[in-house]
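The values are calculated or read from the model by the stated rules, or taken from the named source; none is laboratory data. What you see is a predicted model; the values in this text were computed from it and never measured. Methodologically, a virtual Cβ is constructed for each residue, glycine included, from the backbone with ideal geometry; neighbour enumeration extends over all protein chains shown.
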Amino acid sequence: MKGSHSLAHRILPLVLVFMLLATALASACASSPREAEPSTSQEAPAPPSGAVTAPSPAPSPTPPPTAESAIKRHVTLPWLEGSDTIGLAVGGAKGIDNFRENIRNGYLPLPTDITYEGLFYDYYFDTGQTKPCNKLFCPSYSYAVTRDPFSNKTEYYLSVGLNSGMEERDFERKKLNLVIVLDISGSMSSPFNEYYYDQFGNEVRLGWLERHKQKMEVAKDAVIAVLDQLNNGDRFGIVLFNERAHLLQRMSLVRRTDMDEVADSIFEIRANGSTNLADGMKLATELLEKYSDFDPYDYENRIIFLTDAMPNTGETGEYSLLSLLKNNSNDNIYTTFVGIGVDFNTQLIESITKTRGANYYSVHSPGDFMERMGDEFDYMVTPLVFDLRLTLEARDWDIEMVYGSPEADRATGELMKVNTLFPSKKEMARPRAA
């Protein structure tokens, strides 16, 4: 979190942005001021956890004299050893795989291929937790001080750790009303590691040898990986779209469906035609509308949308798609995007997944995606906290910038809003992206 003091001091995020960006690039190529009291409030926690009372403000420790001493400081706390509680992570990007894959294949990534929240999701963090958490959400705060390497001005860092008292063994996802939407347009026939359009926006004609590893084939494997995670009590449907959307599988309970037959029909799909993202989203919404009044404590309504996100017909702008996602969110229908291929249009998807309950992933290996689905599917489809607000109550300090949330660019003055917190895995008591 970045802020300023009335005497030209600044508060910056504890996680050094330049260090993280350098880490990401390296990974890609290799494979007495007045203290402020942060306080939090949650307007609408997501079911099934029920209402969550706002945690009390954490005491503000005196900032350490240097950033180095803060970074090196580490204390092993008894309640963290062997901790089986879940972590929490914001919505939006779940990794920066697209950034890394573009570099690996010799392409210049889009700026939106690497986001703060996506980068943080690739790592596990010590959240600075100093006492046990007995609630669904408990923030923790850490401070540091350093100097800007360019301006030589003193910088103050404040990080907010996302902790949860929910035990992993007590976490159970709700029943799903799920619609899988699969892009079968012509761009999905292109190689997985090449761009379908040239630098002038012209369609590239592909030879037989170039088509041996199509995005379509990887996407179909990804759909099967999702279906493998469904339980007998879940309900699902499948929508295909190119220039228009049509139904491959009507909504039905898993226990009443021949899943082998569904898998066979998926493997027969071929890619062709133009791309109308909005039409696919509209049909998926129609399938879920009759379930929107189901008890949200028992059911999760979600659309999983697999695409390279290259709309070229119908409503192609981000505002029309954003409107669809917002309307769905108001009806308790949430969306996960799964990006296929190195030319996945993160610029479009990053803008629309700021919506409440939304997140997105990138797929660059069927095996990796299946492994991720096995580890993270239940977390991916289960938002736990909605509309988290963090305020800074102080006369002499201001928040200048917030990093690590897809809504961070909306944070102004003394307010930061996080639309959604999803559960996340822990490793050696450190939560992912927290």
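Remarks
- For region 302-323, the set of residues classified as aliphatic (A, V, I, L, M) and modelled with pLDDT under 75 consists of Met310 only.
- Whichever residue in region 139-153 is part of a strand (DSSP E or B) and either closer than 24 Å to Leu390 by Cα or among the aromatic types (Phe, Trp, Tyr) (or both) and, among such residues, is nearest to the chain's Cα centre (by Cα): Pro139
- Any hit, region 269-289, residues being assigned by TED's automatic domain parsing to the domain that holds Leu322 and assigned to a strand (DSSP E or B): no
- Meets criteria (in contact with a strand residue (DSSP E or B) (Cβ under 8 Å, 6 or more places away or on another chain), at pLDDT 95 or above and under 16 Å from Ala263 (Cβ atoms)) for Leu240: yes
- The one condition in (1) at pLDDT below 75; (2) outside any helix (DSSP H, G or I); (3) under 30 Å from Ser185 (Cβ atoms) that Tyr361 fails to fulfil: (1)
- Among the candidates Gly367, Gly341, Gly374, the residue that is under 25 Å from Ile224 (Cα atoms), at pLDDT below 80 and touching a Lys or Arg at 6+ places or on another chain (Cβ under 6 Å) is uniquely Gly341.
- Check on Glu117, touching a His at 6+ places or on another chain (Cβ under 6 Å) and either outside any loop (DSSP other than H, G, I, E, B) or more than 17 Å from Lys425 (Cβ to Cβ) (or both): no
- Just one of (1) out of contact with any strand residue (DSSP E or B) (no Cβ under 8 Å at 6 or more places or on another chain); (2) of a type outside the set (Asp, Glu); (3) at pLDDT 85 or above fails for Ser142. It is (1).
- Restricting region 113-134 to residues that are hydroxyl-bearing (Ser, Thr, Tyr) and touching a Ser or Thr at 6+ places or on another chain (Cβ under 7 Å) leaves a set whose member that is modelled with the highest pLDDT is Thr127.
Here's the yes/no breakdown for (1) in the same structural domain as Ala278 (by TED's automatic domain parsing); (2) under 26 Å from Ser362 (Cβ atoms); (3) among the aliphatic types (A, V, I, L, M):
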| site | (1), (2), (3) |
| --- | --- |
| Met216 | yes, yes, yes |
| Ala225 | yes, yes, yes |
| Arg235 | yes, no, no |
| Leu240 | yes, yes, yes |
| Ala245 | yes, yes, yes |
| Leu253 | yes, no, yes |
| Asp258 | yes, no, no |
| Glu261 | yes, no, no |
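- Breaking point among (1) under 22 Å from Ala225 (Cα atoms); (2) modelled with pLDDT of 75 or more, for Glu400: (1)
- Residues in region 145-173 that are over 22 Å from Trp397 (Cβ atoms), buried (at least 22 other Cβ atoms within 10 Å of the Cβ) and either of a type outside the set (Gly, Ala, Ser) or modelled with pLDDT under 85 (or both): Asn163 alone.
- Which numbered condition Arg432 fails, given (1) touching a Gly at 6+ places or on another chain (Cβ under 8 Å); (2) at pLDDT 80 or above; (3) of a type in the set (Lys, Arg): (2)
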